[in-house]
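We did not get these values from a lab; they are worked out from the coordinates using the rules stated. In this text, all values refer to a predicted model and were calculated from it rather than measured experimentally. Glycine also receives a Cβ, built like all others from the backbone with ideal geometry; neighbour counts cover every protein chain displayed.
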């Protein structure tokens, strides 16, 4: 009887997150897929076909017969969408690499700090989350604009003449700065978790055997921190690909990212079917590599266990 209750309890614990994903991810995703297979219309909602569950199975079958993949074909014919996807992937990749280069020393220093300092350092990392994301992005506008704080500081220290100004706002450089700043904690936290758990006696043994500290880092520390590196890269790269606020406010009209293209199709052009197709493709672009990586990791663990 107790064993049966334990099994029922475990199934219930597993069932709750699956129900959460079903209600808040799968169902909305299927709705978006349905809209992406529809046709634009001047109505509310601005697409056809629409169907109601009250029409029963016959109405559902009739609606499915009207579905079309024209919107997905349109994405391949207009190079705007292809350039948006490629530009988003490139900006997200560069931002992730910069966040890794900046975040790894921070996480390493936190993991090597005295234990009584670590909670304070951890709080400082997550402190920006106590402020609105939009306010933090607007703050960078005040820093990076030509007459902003950065220009004033550089003029004050003599690195710029009084007539010169910093021209960073409305460029991809400003987008990189905004993304790295906004998502840096997502890189630092998993790295810190991996480095903090590392056995320090391994480095002591390497030092006793005459291993150079730099070599010990690449041979011992970095390989053991790879799970944190992978987790941090995923946590930064995935939201950065679909980012809209940062490129819209800091990048200006010249920055091309799929989030801005999606917003323009949805709100400016009111083309819900095409914007839904853009969103579906974006989700597949992000999910397929993650699933492939997870399966490769699982096969590697199985080979090691075997």
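A simple spin-label model places pseudo-atoms 7 Å from Cα toward Cβ; at residue 152 and residue 224 they are separated by 4.7 nm. By the count of neighbouring beta-carbon atoms within 10 Å, fewest first, 161, 88 end up ordered 161, 88. For the chain, modelled as a GNM whose springs connect Cα atoms under 10 angstrom apart, the maximal fluctuation among 71, 170, 269 occurs at 269. Only Cα pairs under 8 Å and 6+ residues apart enter the sum, and on that basis the relative contact order of region 70-305 stands at 29 percent. A Förster distance of 41 Å, applied to the separation of the beta-carbon atoms of residue 135 and residue 20, puts the FRET efficiency at 0.85. From the helices alone, meaning DSSP H stretches of at least four residues, give me the mean residue ellipticity at 222 nm for the chain, per-run term -39500 (n - 2.57), in deg cm²/dmol to the nearest 500. Calculated mean residue ellipticity at 222 nm is -22000 deg cm²/dmol.
Matching the structure-derived Kirkwood radius over Cα pairs in Å against the labelled list [x] 24.8; [y] 23.5; [z] 22.4 gives the label [y]. Among 180, 188, sorting on how many other beta-carbon atoms sit within 10 Å of each Cβ, with the fewest leading, yields 180, 188. Once the Cβ-Cβ distance of residue 33 and residue 263 is raised to the sixth power relative to R0 = 25 Å, the FRET efficiency obtained is 0.80. Just checking the listed ones, 260, 34, 197: in the Gaussian network model of the chain with Cα springs under 10 Å, the one fluctuating most is 197. Using 0.36 nm per residue and subtracting the Cα-Cα separation, the extra length available between residue 198 and residue 244 on full extension is 12.9 nm. Under conditions of 37 °C and 0.692 mPa s, region 78-148 yields 213 µm² s⁻¹ as its translational diffusion coefficient, taking Rh as the Kirkwood radius over Cα pairs in the Stokes-Einstein equation. Residues within the reach of a label modelled at residue 77 (point 7 angstrom out along Cα to beta-carbon, backbone nitrogen below 16 Å), restricted to region 262-296, are 273-275, 277-278. Would any residue of region 108-140 have its amide N under 16 Å from a label point 7 Å out along Cα→Cβ of residue 160? List them or say none. Only 140 pass the distance filter.
Here the residues 24, 234, 244, ranked from fewest to most Cβ neighbours within 10 Å of their Cβ, fall in the order 24, 244, 234.
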